[in-house]
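The block underneath contains the structure these notes are about, expressed in structure tokens.
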Amino acid sequence: MKRILTRLVLVAALGSLFGADSAQAFPPAPYHLIYGTARDQYGTPFSAPNVSVVLETQSGVRLPVTVIPGLGAGVNYQIKVPMDAGLTPDLYQANALLYSAPFKMYVVVGSVTNLPLQTSTNYTLLGKWGESTRIDLTLGVDSNGDGIPDAWEYAYLATLGLNLPLSALNRNSSLAHDGRTLAQEFLLGNYPFDPDDQLTVSIVGMNGNAPIVQFPTMTGRSYTLLGSTDMQHWSLLNFVLPNEDPATTGHTFFYASGISTQQVQVILPPDAPKGLFIKLLLQ
């Protein structure tokens, strides 16, 4: 809020100093950030350089960005949408947008433009300046309307040996008898295709008082460690990779470029409690 008020005060001051005509040339507002993960029809986040995400408004404004793997924890694209404060009739630049402007998102793979499941029916309204909106984008066909691509569901059913129509499935269906819903299995990646290869996190050793944590990784996913002394309140744990100096600030997440078994060493402060619970956040 402080940032918005400061910008509005500056706009008003410039208008009073240079007159109304000059004020029309400078009515920008802080950009609105749209970010998330763009995935293919099997749930794998895109990482190839020929993939881009495009925001397009009803008026034809297009804002394209290239997918960047590991851009953030669970993020492979972000669009900084230029925003106009709406104080004057004219936009300060041609592609600036106003609050509540309707738009859709597209994922372009090579020369093929794809409409993601999340924006296939309705336009989304742009949020306020200085704020952010997460929009995950998934390609494919979703004939049963559960938000999960048909291609993944067919592969999932085949692996489990089930002959069910997609109309019998929904996001909360639990078919693998592991307690997870269909939506959770989809976000996990390929783990449900091998019931014996589950996502697990374990402490495999100690380096002084610092635990060494091991977990399996899937292509394109991000992994974050959280720690707690009471399993009620969790906080971010920084860590270093093998052969890195534990005296550094380390990493806040690990981006997996492939399928592997990864080890990390947690960075603990000197006064860290002796008892610590650790959990893994997959994005």
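The values are calculated or read from the model by the stated rules, or taken from the named source; none is laboratory data. On a predicted model such as this, the values are computed, not experimentally measured, just so you know. Heads up, the Cβs are rebuilt from the backbone with ideal geometry, glycines too, and the neighbour counts pull from every protein chain shown. Ligands, DNA and RNA are excluded from the accessible area calculation, which covers all protein heavy atoms including side chains. Shrake-Rupley method; radii C 1.70, N 1.55, O 1.52, S 1.80 Å.
For the chain, the longest principal axis of the alpha carbon atoms and the long axis of helix 150-160 meet at an angle near 10°.
Would you mind giving the average projected area, over all directions, of the Cα convex hull of the stretch 79-176 in nm² with one decimal?
8.9
Along the stretch 53-70 the Karplus relation, 6.51 cos²θ - 1.76 cosθ + 1.60 evaluated at θ = phi - 60°, assigns HN-Hα couplings of 10, 10, 9, 9, 8, 4, 7, x, 5, 10, 10, x, 9, 8, 5, 10, x, x Hz to successive residues, with x for each Gly and Pro.
With all protein chains kept in place, the per residue accessible area of the chain amounts to 53 square angstrom at a probe of 1.4 angstrom. From the alpha carbon centroid of the stretch 72-119 to that of the stretch 51-67 is 6 Å.
In the chain, the DSSP beta bridges split such that about 90 percent are antiparallel, to the nearest 5.
Note on the chain: with a GNM built from Cα contacts shorter than 10 Å, the maximum mean-square fluctuation among Tyr42, Tyr92, Tyr77 falls on Tyr92.
The count of lysine pairs in the chain with alpha-carbon distances below 23 Å, taking only pairs 8 or more places apart or on different chains, stands at 5. For the chain, the Cβ-based charge dipole about the Cα centre amounts to some 680 debye (Lys, Arg positive; Asp, Glu negative; other atoms uncharged). Expressed as a whole percent, the accessible area of the chain that falls on carbon and sulfur atoms is 55 (1.4 Å probe).
For Gln262, the residues whose modelled amide H falls within less than 5 Å of its own, excluding neighbours fewer than 5 places apart on the same chain, are Phe215, Thr217.
Between the listed residues Thr121, Ile34, Gly86, the Cα displaced farthest toward the positive end of the dipole of the chain, a dipole computed from Cβ unit charges relative to the Cα centre, is found at Gly86.
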